[in-house]
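Everything below concerns the one structure shown next.
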Amino acid sequence: MAQKTMVEALNLALDEAMAADDDVMIMGQDVGINGGVFRVTKGLFQRYGRDRVMDTPLAECGIIGTAVGMAIHGMKPVAEIQFSGFTMQAFDQIEQNMARLHNRTMGRFPMRVVLRTPFGGGIRAVEHHSESRETYWAHTPGLKVVIPSGPRNARALLAAAIDDPDPVIFYEPKAVYRAFREDVPEERETMPIGKAEVVRPGKDLTLISYGAMMRTCREAVEDLVDEFNIDVELIDLLTISPMDSETICESVGKTGRCLIVHEGHRTCGIASEIIARINESAFEYLEAPIRRLTGYDIPFPYFQTEQHFLPDADDIMTAARETMAWE
Amino acid sequence: MAQKTMVEALNLALDEAMAADDDVMIMGQDVGINGGVFRVTKGLFQRYGRDRVMDTPLAECGIIGTAVGMAIHGMKPVAEIQFSGFTMQAFDQIEQNMARLHNRTMGRFPMRVVLRTPFGGGIRAVEHHSESRETYWAHTPGLKVVIPSGPRNARALLAAAIDDPDPVIFYEPKAVYRAFREDVPEERETMPIGKAEVVRPGKDLTLISYGAMMRTCREAVEDLVDEFNIDVELIDLLTISPMDSETICESVGKTGRCLIVHEGHRTCGIASEIIARINESAFEYLEAPIRRLTGYDIPFPYFQTEQHFLPDADDIMTAARETMAWE
Amino acid sequence: MPEPVRTHEEGRLRPNLSEPPGCYNSTPMSTTPTAQQRQGVDPSKPGPSLPTPGAMDTNATDLGQLETLQILDDNGRVDPARDPGLDSEELLGLHRAMVLSRAFDARMLTMQRQGEMGTFAPNLGQEACMVGQVWELTRQDWFSPSYRSFGAQILRGWPMEQLFMLWAGYHCGFPPPEGVNDLPFSIVIGSHVLPAVGIAMAIRRRKERDVVVVNFGDGAMSQGAISEAFNFAAVDQAPAILVCENNGWAISTPSKYQFATDSLAVRGPGFGLPTIRVDGNDILAMIVAMREAITRGREGGGATFIEAMTYRMSLHTTADDPTVYREDAESEPWKKRDPINRFELYLKQKGLLSTEAAAEVRASCDAEVLEARERFRNMAQADPEGIFENLYVNMPPELERQREEYWKRLKRRGIGGQD
Amino acid sequence: MPEPVRTHEEGRLRPNLSEPPGCYNSTPMSTTPTAQQRQGVDPSKPGPSLPTPGAMDTNATDLGQLETLQILDDNGRVDPARDPGLDSEELLGLHRAMVLSRAFDARMLTMQRQGEMGTFAPNLGQEACMVGQVWELTRQDWFSPSYRSFGAQILRGWPMEQLFMLWAGYHCGFPPPEGVNDLPFSIVIGSHVLPAVGIAMAIRRRKERDVVVVNFGDGAMSQGAISEAFNFAAVDQAPAILVCENNGWAISTPSKYQFATDSLAVRGPGFGLPTIRVDGNDILAMIVAMREAITRGREGGGATFIEAMTYRMSLHTTADDPTVYREDAESEPWKKRDPINRFELYLKQKGLLSTEAAAEVRASCDAEVLEARERFRNMAQADPEGIFENLYVNMPPELERQREEYWKRLKRRGIGGQD
Ligand SMILES: Cc1ncc(C[n+]2csc(CCOP(=O)(O)OP(=O)(O)O)c2C)c(N)n1
Ligand SMILES: Cc1ncc(C[n+]2csc(CCOP(=O)(O)OP(=O)(O)O)c2C)c(N)n1
Ligand SMILES: [Mg+2]
Ligand SMILES: [Mg+2]
């Protein structure tokens, strides 16, 4: 086991995948000698050469569009979009080809594209650099959406995403990139896509989150348990789409109360989908309205105020206690 | 009053707006001498000339991007995207400029852009021509999303959208374009954006829909009332974003049961947002899980099977009766 | 891991004229590049930097003097210096392929008017473009067509009944048949060009010798995605052949509202692409242009841009009414340039085709199309139960639940019996 | 409705050198186009079709011979035939504007390193580009900058304290000051070019005489949206001036991975845009190129594409480390081409500037920047309560509810007292 940051863990997963399979290649802006602006692809250009670690022209639509073509011809491109805000530039190729081509051709062509991109706030970035728009992709049939929360699951999930026969949007919580280290096993490890993880079992309240907000949730859970004696069941979604309704509904069936936390905007956000599913499958167990603590329906603010846009542990505790108090 | 189709009613609204205000202009593919592929802009090129009814190059990003610029300089472009599926090509300009520029400049620049586009299935179109992706826009802060359901409200809402100081996505249910005629008053008429309409008051079940599905709902309501004695309250959303939570929650507060119908995909669909809001504001009145009858999470199918993808009156009745039966 | 070994089958695609329609047999032939027979070209210097009339490169090009490669004139007279020297079998094959395309086109129109077919986009007048751009391709080469390409698709090996299925709205009409390296046609303008370039980028990385042909219209040239594709193809030196069929119109939008130059060919050098402007109604010129581009691609010389000048003689689609926006007079001169007539004049002058033989070809093509229509009618059956398949390789549980729900709906509607 | 009457204020923007930094007074001057003083140009034939060295049009251009317009050589010697003939006040004004930009740049870097400033993009080495592209603009003209443009923004009338605010992450740094017809700078590469062209399209429709200048990098040229912008500008004959600052790099990506031509200028004619390639480190050449483009725009001749050749002497942004990807040696020759040094050599040769005077200008610019920093420090206060404002003109009820909830949060965090 080595202690690694998420950036190092992702780099390891890429390196392993490229070493094992010549069809895996990396493409994106500055992923080559520069190793990506966050250094996730560091050293890979030197190891695998320009044809497998390609600095592309500055065109996101071009990156995803050509990645789709490579996948049609059997390659397994891992395309990096420098910040998730710039996936808008590739929206057409994602929605019209990456997500659909397997279906359009009734399975004739593989579509093993992984789109890696850092998302979320908290690093004092300029505008358009802190977006969380996982709803766009969760709402788009044909895609899988995966969001790790720490170094170890980042490495395992990226490996699984590259193995996966379907196109994957791999959203990396950039606030976690270098935030902490974690033991990451030497041997290759994968985690199943489509499975949420019960990080802490509990019986009073189900707390659901993913990505960078998991850290904040963990913090809050400690206090909720220790100070307020609320036995929280904490769930890390890990895959946003297809969503693991079973784990969620089972938990709420037990606790009867639920709080969902994410950075993405509220309207039609991931929380709204979770609420809809609980409503459908665990309605009779609900003892209080499901609470959502999410990004507001405003553009992600300029960085002097971003900390107020983002929920903190105190906000989570407040919302959790209010949910517990509801009668 | 004249009996008009939705196409004629929209044409009237455009003509009125252009006659009243030189700053209103139309741009899009084939909107000129051809009058648009659905003839919504018929005759306007002849009346107002090429500079105000502009056949643009074939580039949706270009259309919305330049419309944004025109709005910055005080014009009021009404941009047509030929089919809503092609708004993907303009996603970056919609999300990064049209939706945000007013906020980015703290109100310095107006952003009076109306993006008109036909959406939805039911006309035996080729692939990529039947999309309902209102979730994308409802999830994007800064936009208003308006969806009429008949000729009269189409005319009134388009007039209101052009008057509106904020950018509007105006989704036109193309299955309704020529489906029926309705009395449309001679004098200019507007309807408030942001208000849902209680089309039929009732006390047993709240049925919520919008766009072309409203017709199917009306059909179902007749039978539900007459045959099954279920007193349905039927709500036409009309504005998807900002959503009229008041009208919805008030209704459910009365009926305790709710069914939502739309063509758009299910996950993170508009129904999920409605469920989340009812859960938050009318939880204590709920007597049954809220039911959603939506497009499935698969690409809109090829036209020989589209009628099965779309809910019909019978599906609505079945879902409504099941919701009534829930205990 | 070892380099995967991939062999390059050296046969060009040819319809076997005695085979059932739409199914082809590839007759292996040499792909040794035909010696360039154009005037002023030194055949001892083949390859990517070959200076050809009509070809531009960024090092020295007079854009104003841009020549359009033409070999057959409007009266069917051939420029002997540029004649690609096809043998009579090939010449008659080309002729039949164009006639078949037109026969299919006409039948589709009838079927559409009678309600048997959905909205579709006629090829009428663009047969030389369509046939010419795929004629020289092998089975391993790739083709990424726009929606207006069935003339080419038939030649590539799409059974005509499948094309009927496609346009009649059946999902199973869309996937390219096994063994046909085509993408499904693209409805979203320009969306298929970047994937085509991506395939070419993969081909170069795998050191294969194939090329990718992708076609699109003059209107499509306005899409930013196509400019990006030009740039990626040029930067990556990918063996892509980007064919713009400039037919003068994008639905009702004429060139003057679409672009501000006389020619679209001028875009090519701006991205560093060797470019050829060609008379797209001249099947021989199409062949020569494609040969140059294909040779360049196979030999590692990268991509080529081809602007093929043609004209949309018919409707944009069957939902369109051109009388609203264009004068009949405009198409008059183009009737003289009809690709089939011109080529028939040539074949007649050459003694390869009599008026009677031409009529026979027409009749036999019509018959072939009718047979395909028969097969189409026998197979035309929707698969409502199947609409959830093939979205994911393994269906996620949530989607299975939705399918359950959907199958219940179908059952209520009297369809299927899955549950 | 009657045509709105709009007058065109005839003044060019000029910083009043005795004014507080960042605030300018526009001194009305004539905009009658300066007689073209370049060799071979007939000054009696002004206007859009003016043939100029370095300018391309699609009718006859030898792309290989593409000349780069240069007036000052590396040793500060001027080409007398092309000298724009600026008076000494203008010359010294240009000099000071460039020095001020560099002083601001240096201060920003220090502040960033000390944690007082967010990530930002230095202008170092691109001052002539920046200053030159806006120098000739009037107050009514528009400017749509990329993120690497504060040299130009200062000149356009952005108080330096506001630029500090912007880069330090305060929302109120973003909106263009009243009276400044600028867009907020664009972070998303290429996203501001279509809106700029849209403004120009509105200007043409309103029969105004203004122009719109928009700048972007060599990397940005790969974005499809920019190709679309070129095409819209050309087709609509809109008075837009599209300025590509080709500084050789897009973060770590060199030109050879970005495009496959020697020059980006070659893209212009492909879209029908008159194009000028200019030495972007030569302030006089920038002025001459811009004058031609501005004149064309004002006189209804439509858009111009300008490729300004320059070099990014410093970091991409403060988050970047160029030692990872580029050799120091590469920038060596560019030191000689430093836009300020070159211009100072010229001014000295002309007797307009002594070494001491140059030092004084530097000192006074530094002082100005420090004063601005003082004002910045005094105003640097975030407005957390305000983040819901100005999204919609009238806040929808649902958003009001969210704001309530948010204000409660702020209160818990000890901020504000709205409820
Ligand atoms: C992205 C996109 N925008 C708009 C359309 C609608 N549309 C279909 S065909 C067409 C015109 C295409 O013209 P051109 O590229 O010249 O091809 P042609 O039809 O002439 O072969 C348009 C606007 C579309 N299919 N896709
Ligand atoms: C759409 C988009 N993609 C990627 C980025 C990240 N990014 C910021 S600057 C830059 C390089 C820009 O290079 P160039 O256009 O040459 O301008 P320069 O920085 O050299 O002035 C990149 C890739 C971005 N801001 N926007
Ligand atoms: Mg066309
Ligand atoms: Mg650059």
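The values are calculated or read from the model by the stated rules, or taken from the named source; none is laboratory data. Bear in mind that the values here come from a model prediction, so they are computed numbers and not experimental data. Cβ: placed from backbone, ideal geometry, glycine included. Neighbour counts: every protein chain shown.
Could you please give the count of residues in segment D:279-304 that are more than 15 Å from ligand 2 (Cβ to nearest atom) and either modelled with pLDDT under 95 or not aliphatic (A, V, I, L, M) (or both)?
Of the residues in segment D:279-304, the ones more than 15 Å from ligand 2 (Cβ to nearest atom) are D:279, D:282-304.
Going one step further and asking which of them are either modelled with pLDDT under 95 or not aliphatic (A, V, I, L, M) (or both), we end up with D:279, D:282, D:291-292, D:295-302, D:304.
Here the count works out to 13.
May I ask you to say which residue of B:E131, B:E80, B:E172 is more than 16 Å from ligand 4 (Cβ to nearest atom) and closer than 19 Å to A:T140 by Cα? Quick ask: steps written out before the conclusion?
Numbers: B:E80 fails: closer than 19 Å to A:T140 by Cα; B:E172 fails: closer than 19 Å to A:T140 by Cα.
Answer to the selection: B:E131.
Which one of A:A71, A:A59 is buried (at least 24 other Cβ atoms within 10 Å of the Cβ), small (G, A, S) and more than 28 Å from D:D320 (Cβ to Cβ)? Write out each step before concluding.
Details: A:A59 fails: more than 28 Å from D:D320 (Cβ to Cβ).
Every option except A:A71 fails the conditions.
Consider only pairs whose beta carbons are under 9 Å apart and that are at least six residues apart or on different chains; among these, list those whose first residue lies in segment A:111-137 and is in the same structural domain as A:I147 (by TED's automatic domain parsing) and whose second residue is acidic (D, E) and within 16 Å of ligand 1 (Cβ to nearest atom). So the pair list comes out as A:Y136/A:E95.
Is one or more of the residues making up segment C:108-129 buried (at least 20 other Cβ atoms within 10 Å of the Cβ) and over 22 Å from C:T317 (Cα atoms)? Within segment C:108-129 (the criterion being buried (at least 20 other Cβ atoms within 10 Å of the Cβ) and over 22 Å from C:T317 (Cα atoms)), the answer is no, since none of the residues qualifies. With the condition kept exactly as written, say whether any residue in segment B:38-49 is among the hydrophobic types (A, V, I, L, M, F, W, C) and not in a helix (DSSP H, G or I). Yes, segment B:38-49 has at least one match. Criterion applied to B:T239, B:T206, B:T247, B:T267 was being at negative phi and touching a Gly at 6+ places or on another chain (Cβ under 6 Å), and the one residue passing it is B:T239. Criterion first (farther than 30 Å from B:I33 by Cα, of a type in the set (D, E, K, R), away from chain A (no Cβ under 14 Å) and surrounded by 13 or more Cβ atoms within 10 Å (Cβ to Cβ)) does C:K411 satisfy it? Yes, satisfied. Restricted to segment D:191-250, and to residues there that are more than 13 Å from chain B (Cβ to nearest Cβ) and farther than 20 Å from D:M130 by Cβ, the residue that is farthest from ligand 1 (Cβ to nearest atom) is D:R209. Here B:T267 fulfils each of the conditions (1) surrounded by fewer than 24 Cβ atoms within 10 Å (Cβ to Cβ); (2) under 19 Å from A:A271 (Cα atoms) apart from (1).
Here the condition is being within 18 Å of the chain's Cα centre (by Cα), farther than 16 Å from D:G280 by Cβ and among the basic types (K, R); of D:R139, D:R77, D:R148, it holds for D:R139 alone. With respect to the stated conditions, C:P333 fails to be in the same structural domain as C:A106 (by TED's automatic domain parsing), surrounded by 17 or more Cβ atoms within 10 Å (Cβ to Cβ) and under 29 Å from the mean Cα position of the chain (by Cα).
Take the residues in segment A:273-290 that are facing another protein chain (nearest Cβ under 7 Å) and within 20 Å of A:T318 (Cα to Cα); name whichever of them is surrounded by the fewest Cβ atoms within 10 Å (Cβ to Cβ). Show your work before the answer.
Let us first name the residues in segment A:273-290 that are facing another protein chain (nearest Cβ under 7 Å), namely A:273, A:275-276, A:279-280, A:283, A:289-290.
With within 20 Å of A:T318 (Cα to Cα) added as a condition, the list becomes A:275, A:289-290.
Numbers: A:I275: 27, A:P289: 21, A:I290: 26.
Checked segment A:273-290; the qualifying residue surrounded by the fewest Cβ atoms within 10 Å (Cβ to Cβ) is A:P289.
Please verify whether A:T66 is under 30 Å from C:V180 (Cα atoms) and within 16 Å of ligand 4 (Cβ to nearest atom), treating the condition exactly as stated. Write out each step before concluding.
Working: under 30 Å from C:V180 (Cα atoms): yes; within 16 Å of ligand 4 (Cβ to nearest atom): no.
Criteria not met by A:T66.
Of all residues in segment D:212-230 being within 11 Å of ligand 4 (Cβ to nearest atom) and in a loop (DSSP other than H, G, I, E, B), which is surrounded by the fewest Cβ atoms within 10 Å (Cβ to Cβ)? Restricting to residues being within 11 Å of ligand 4 (Cβ to nearest atom) and in a loop (DSSP other than H, G, I, E, B), the top hit is D:D218. Among the strands (runs of 3 or more DSSP E) confined to segment A:205-296, the ones with at least 1 residues that are touching a residue at least 12 places away in the same chain (Cβ under 8 Å) and farther than 20 Å from A:P311 by Cα are located at A:239-241. Residue selection: D:A233 fails the criterion of being in contact (Cβ under 8 Å) with a residue 40 or more places away in the chain, within 20 Å of D:D338 (Cα to Cα), in contact with a strand residue (DSSP E or B) (Cβ under 7 Å, 6 or more places away or on another chain) and in a helix (DSSP H, G or I). When C:P239, C:P184, C:P254, C:P269 are screened for being in the same structural domain as C:K335 (by TED's automatic domain parsing), over 27 Å from D:G219 (Cα atoms) and in contact (Cβ under 8 Å) with a residue 40 or more places away in the chain, only C:P254 passes.
Checking each residue in segment D:231-259 for being surrounded by fewer than 24 Cβ atoms within 10 Å (Cβ to Cβ) and more than 16 Å from ligand 2 (Cβ to nearest atom) picks out only D:Q237.
The single condition from (1) in a helix (DSSP H, G or I); (2) within 14 Å of chain B (Cβ to nearest Cβ) that D:N390 fails is (1).
Restricting segment C:243-272 to residues that are among the β-branched types (V, I, T) and part of a loop (DSSP other than H, G, I, E, B), the residue that is farthest from ligand 4 (Cβ to nearest atom) is C:I251.
Taking segment B:299-327 on its own, how many of its residues are over 15 Å from C:A382 (Cβ atoms), of a type in the set (A, V, I, L, M, F, W, C) and surrounded by 23 or more Cβ atoms within 10 Å (Cβ to Cβ)? Don't jump to the end; show me each part of the working.
Quick first cut of segment B:299-327, residues over 15 Å from C:A382 (Cβ atoms) only: B:299, B:311-327.
Filter once more, keeping what is of a type in the set (A, V, I, L, M, F, W, C): B:313, B:316-317, B:319-320, B:324-326.
Checking which are surrounded by 23 or more Cβ atoms within 10 Å (Cβ to Cβ) leaves us with B:316, B:320.
Adding up the residues that qualify gives 2.
Selection of segment A:29-58 for residues being within 23 Å of the chain's Cα centre (by Cα) and facing chain D (nearest Cβ under 10 Å) yields A:Q29, A:D30, A:V31, A:G35, A:G36, A:V37, A:F38, A:R39, A:K42.
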